[in-house]
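The values are calculated or read from the model by the stated rules, or taken from the named source; none is laboratory data. The structure displayed is predicted, hence computed values, not measured ones. For neighbour counting, all protein chains shown are included, and Cβ atoms are generated from backbone atoms with ideal geometry for every residue, glycine included. In case anyone asks, the SASA skips ligands and DNA or RNA and just uses the protein heavy atoms, side chains included. Shrake-Rupley method; radii C 1.70, N 1.55, O 1.52, S 1.80 Å.
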Amino acid sequence: MSDYLLEIKDVSKFFHGLVAIDDLSMKVKKGQIYGIIGPNGAGKTTLFNCITGLYTPEKGEIIWEGKKINGIAPYKIAELGILRTFQTIRLFSEMSVAENIMSGRHIKSNQKWYNGIIHTPSMKKDEKKNWLKVGELMDFFELSKYATTPAGDLSYGLQRRIEMARALAAEPKLLILDEPAAGLNENETIKLAQTIRKVRDQGVTILMIEHDMDMVMSLCEYITVINFGAKISEGEPSFVQDDPVVIEAYIGSDEDE
Amino acid sequence: MRQSYKIAIVFLIVMGFFPLFSNSSWLAVGTTFLIYSVVAFSQDIILGRAGAFQMGHALFFGLGAYATAILNVHFGVPIIYTFIPAILIPLIMAIVLAGPIIHLKGDYLLVATIGFNIIFIQVIQNDVFGLTGGPNGIFGIDVVRIFGVEFMSQTAIYYMSFILLTLTLLIMRNLDASKYGRAMFYINKDDIAAQSMGINVRYYKLYAFALGSAIAGAAGSMFAIQYSAVSPEAFNVVQSIMFFTIVLVGGSASLPGVLIGTFVMFVLPEIFREFATARYLVFGLAMILTMILRPRGIWPVKFGNIPNYLKKDTK
Ligand SMILES: Nc1ncnc2c1ncn2[C@@H]1O[C@H](COP(=O)(O)OP(=O)(O)OP(=O)(O)O)[C@@H](O)[C@H]1O
Ligand SMILES: [Mg+2]
């Protein structure tokens, strides 16, 4: 098997005949913190939606641990160990923080169909094990004091943390983050970067979209730049940063990030 | 313990002693209330928990009732044994019927389920295979006999219904604290997020339909015993709308809410019988006002059903 965890090969995705991803290829190594940048509307989120099965690309292959996964249902992608957060936060907002994170334990729980009706000792053990894991994650993300608070009642920064905790609860191999720093203040962003590093050090590969250039350049080990759905540059942060094509794309799109 | 469980226990104690203080006509009203509560909870599993707009639930209630009636009256099967097919037939039919339409969203699913209900009524009104008795239904359903003992008094039927509701509440409690029950909530609140967490939306929605329909079937069997007869109008779309409304007016996924909803929709009309049709005017208005003033129901569900050892730091 290759040492790439995830390979995107010549993937294209169209909406109503308009190209959103244009023949894109990239490779993510195990243990990497991999960044994707690009102007608004470049197709970054669309790419994530293709990887996580929400969209099926019209062309190309998405290879996970050597096997083609495009066209597979999103829930099966999650079962493979690819978990994500959303650019526009998608929490179960009326439900408590703990219950939100517990959803990440779904694929790790081995309860049977009849356990919805009758509880058995082994089911209770499973239930307890999973709640304890939720407890650990709440500790790690400093969310414990909000355990019973509805997620929707909390601040933006806290909600982003809950989303990440929820994805990590599933013990993913690849964690996909769509603009995790959006809406965070400077302190929160610094903390986020530390958290992402810690998570990676625990063995989770990270693939992230981010507009905060300081964060991307300091955190990511490898970066792909997308514009109008196509890759325009890739490499280590130091290279990408000074690549004239990249600078051109950002100036051209009137972005000052 | 959760507040709603305490309320459920108090409710069961009150209902347990109710026969001691009531005459036979009130006992009949009480029995109907218990049976309809079971149906309302079964609708709540599908609508309130899994969030599937099922507006044909009377069909499954009816399947249970007709299963008991047909097997007993036409085939002489003792009532007690008809319970099992009265649960299994709606369960299987739920999977067969809901399977192909389970992916439909909100209003589309609602229309499709109404369609099933209408077809069901047509079928039983046309006396298929000479079994369903046409518009008049089926009369002369036997009483429950266990080891030769007859349970035919209204009190006996009341307590059988009481046991059925108690079992249903136990199932609701177990469901709440399980992977399956939570998965339904996740799907309901945000199905994209749920899928992305590895939840097979179709499977858990079908599970909700199957479980809800099985319980409705058990209630239908009890209904047939209570009236010793079944007829189509007890299972038509208007009844389905009532079950749907009970859940929304009372409070989706809320134990006290569903009980209040059932009480308001089925028992209050009995209490205010003398006001004849005027009472329906009041109920219509009450439904409208509830939706405007309390869109999440009279007694909305409270989430945060987590083990105590996780609450250590909560403010
Ligand atoms: N479901 C959809 N239907 C139609 N068009 C879509 C859909 N999703 C995305 N698009 C279009 O595809 C293009 C890429 O969108 P995408 O959300 O992937 O951009 P992005 O790089 O994530 O941008 P941003 O930085 O603003 O989040 C845009 O032109 C967008 O309008
Ligand atoms: Mg985006």
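The charge dipole of region B:3-310, taken about its Cα centre with unit charges on the Cβ of Lys, Arg, Asp and Glu (plus for the first two, minus for the last two), comes to roughly 860 debye. With a cut-off of 8 Å between alpha carbons and a minimum separation of six or more residues, what is the relative contact order of region B:3-310 in percent? Averaging sequence separation for qualifying contacts and normalising by length gives 32 percent for region B:3-310. Ordering B:145-155, A:125-135, B:211-221, B:169-179 by mean Cβ neighbour count within 10 Å, with the highest value first, yields B:211-221, B:169-179, A:125-135, B:145-155. Here region B:1-127 yields Rg over Rh of 1.03, to two decimals, using C-alpha coordinates and the Kirkwood radius. What fraction, in whole percent, of alpha-carbon pairs in region A:23-85 exceed 16 Å separation? Counting every Cα pair in region A:23-85, those more than 16 Å apart make up 47 percent.
Between the Cα long axis of helix B:58-75 and the first principal axis of chain B there is an angle of about 30°, rounded to the nearest 10. Beta bridges from DSSP with both residues in the protein assembly as shown: antiparallel share about 60 percent, rounded to the nearest 5.
Computed over all pairs of different Cα atoms, the Kirkwood value for the hydrodynamic radius of region B:3-310 is 19.7 Å. On the principal axes of its alpha-carbon atoms, region A:1-107 has extents of 42, 36, 25 Å, going from largest to smallest. Among the listed pairs A:Lys76/A:Lys133; A:Lys129/B:Lys302; A:Lys108/B:Lys205; A:Lys128/B:Lys105, those with a Cα-Cα distance over 29 Å are A:Lys128/B:Lys105. The Cα atoms of region A:72-142 define a convex hull whose projected area, averaged across directions, is 6.2 nm². Mean per-residue shielding of peptide A:218-225 is 0, counting Cβ atoms of other chains within 10 Å of each Cβ. Summarising the overall dimensions of chain A from its C-alpha atoms, the Rg and Dmax are 18.9, 64 angstrom.
Our estimate of slack between B:Ile7 and B:Ile95, defined as 0.36 nm per intervening residue step minus the Cα-Cα distance, is 28.4 nm. Within 10 Å of the Cβ of each residue in B:183-189, the mean number of Cβ atoms contributed by other protein chains is 5. For the pair region A:74-121 / region B:92-138, the C-alpha centres are spaced 33 Å from each other. Computed on region A:10-61, with alpha-carbon pairs under 8 angstrom and 6+ residues apart, the relative contact order is 46 percent. Geometric descriptor of region A:196-249, per residue, is 82 Å³ (volume of the convex hull of the Cα atoms). Once the gyration tensor of the Cα atoms in the protein assembly as shown is diagonalised, the equivalent ellipsoid follows with semi-axes of 53, 24, 21 Å, ordered largest first. Legend: residues A:Phe86, A:Phe140, sorted from most to least accessible area (1.4 Å probe; ligands, DNA and RNA excluded), read A:Phe140, A:Phe86.
Once all protein chains are placed together, A:Val19 keeps about 60 Å² accessible to a 1.4 angstrom probe.
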